[in-house]
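Everything below concerns the one structure shown next.
Each value in this text was obtained by applying a stated rule to the coordinates, not by laboratory testing. From a predicted model like this one, the values you see are computed outputs, not experimental measurements. Please note: Cβ atoms are built from the backbone with ideal geometry, for glycine as well, and neighbour counts cover all protein chains shown.
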Amino acid sequence: MSAPQPARRPPDARVHRQPGDGWVECACGSRHWGLNGAAGLLLWRHATDGVELVLQHRALWSHFGGTWGLPGGALGDGEDARRGAVREAVEEAGLDASALEVRAQRSLVHPDWTYTTVLAEAVGRQEPSVADPESLEVAWVPLREVTERELLPAFGDALGELRGMLRRLVLVIDAANVVGSRPDGWWADRAGATTALRDHLAGVSAGGLSGSDVGLPGQTWFPRAVLVTEGRARGVGPAAGVDVVDAPGSGDDAIVSEVRRLSGDPLNEVVVTTADRGLIDRVTALGARVVGPRLVRH
């Protein structure tokens, strides 16, 4: 493996300058690339013999050239980390943005600069390849073999925490308990109140939840919501990021059934939102964690 080389600018023909490109002289004493900060995409998938990651072998002329890290780069003006990381991964590694789902974000915050790792799961065919001059190689690498490579120092430092973020957050929502947790007249229109909750959950799925609020590492998690309805609230259809399960009988029984099903996949982090003590005992016995209705109440 080639040793890291000093950063050198490639020939002008190979430079794709964009708004936001440039060095930041940070108060931490280091120089960082990206006038608006930077972001990289950690794409993972579950293979037959374990989890694999897409890694980039950095071009020798680049910063810490010759090391392995994540496809990524400077954020454009007004560009958020999620959009920027995916854009960079498409440009550098030939990834298909339509065949991945963002699961979480972790940010490294310096006094004058921020780097965000955006974690995404491959949900369709992904064939990473060298798509521009910033890479020597781009490949799927088994997680167990990652530390055998010479890693970009910052990526190596973050790898321990990132390993614990290679999963999906699934929220199982006790609709009756959440809707009934606030006396706002929901009893006059249970279906309407449940529809409003579903629409709010779609926003939560898109906008994310704080890692500290759900007891997970990193700054932000983008959950898949499973809304379990019963009685007169049944019949509410799904929405983007929200599956709806109509309980044929007891809502609690349906929630327990969903938790059991979802917990069968070790990559699912199942969190139930309810304040029902009996239900809490049943789902925690299955390994799920519980948060109160306030987290998802609109």
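Summary of computed values
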read-out: Sequence of W23, W187, W33, W68 once ranked by neighbouring C-beta atoms within 10 Å, starting from the fewest; value: W187, W23, W33, W68
read-out: Distance in nm between pseudo-label sites at L143 and L108 (7 Å out along the Cβ direction from Cα); value: 2.0 nm
read-out: For the chain: relative contact order, % (alpha-carbon pairs under 8 angstrom, 6 or more apart); value: 15 percent
read-out: Footprinting exposure proxy for E258, E25 (fewest neighbouring C-beta atoms within 10 Å first); value: E25, E258
read-out: Listed candidates (i) 21.8, 69; (ii) 20.0, 71; (iii) 19.3, 62 - label of the one calculated as Rg and Dmax of the Cα atoms in Å; value: (i)
read-out: Within the range 168-295: Cβ-based charge dipole about Cα centre, in debye rounded to nearest 20 (Lys, Arg +1; Asp, Glu -1); value: 80 debye
read-out: Shape call, the range 12-163: gyration tensor on alpha carbons, a/c limit 1.5; value: rounded
read-out: Whole-percent pair-distance distribution, where bins are 5 Å wide, for the alpha carbons of the range 78-212; value: 2, 7, 13, 17, 18, 13, 9, 7, 6, 4, 3, 1, 0
read-out: Span-rule helices in the chain, defined as complete DSSP H runs reaching 24 Å or more along the axis (Cα) with Kyte mean at least -0.5; value: 190-207
read-out: Footprinting exposure proxy for I280, I255, I173 (fewest neighbouring C-beta atoms within 10 Å first); value: I280, I255, I173
read-out: Amide H contacts under 5 Å for T114, placed H, 5+ residues apart; value: G37, A38
read-out: For D246, residues with placed amide H under 5 Å, excluding near neighbours; value: T229
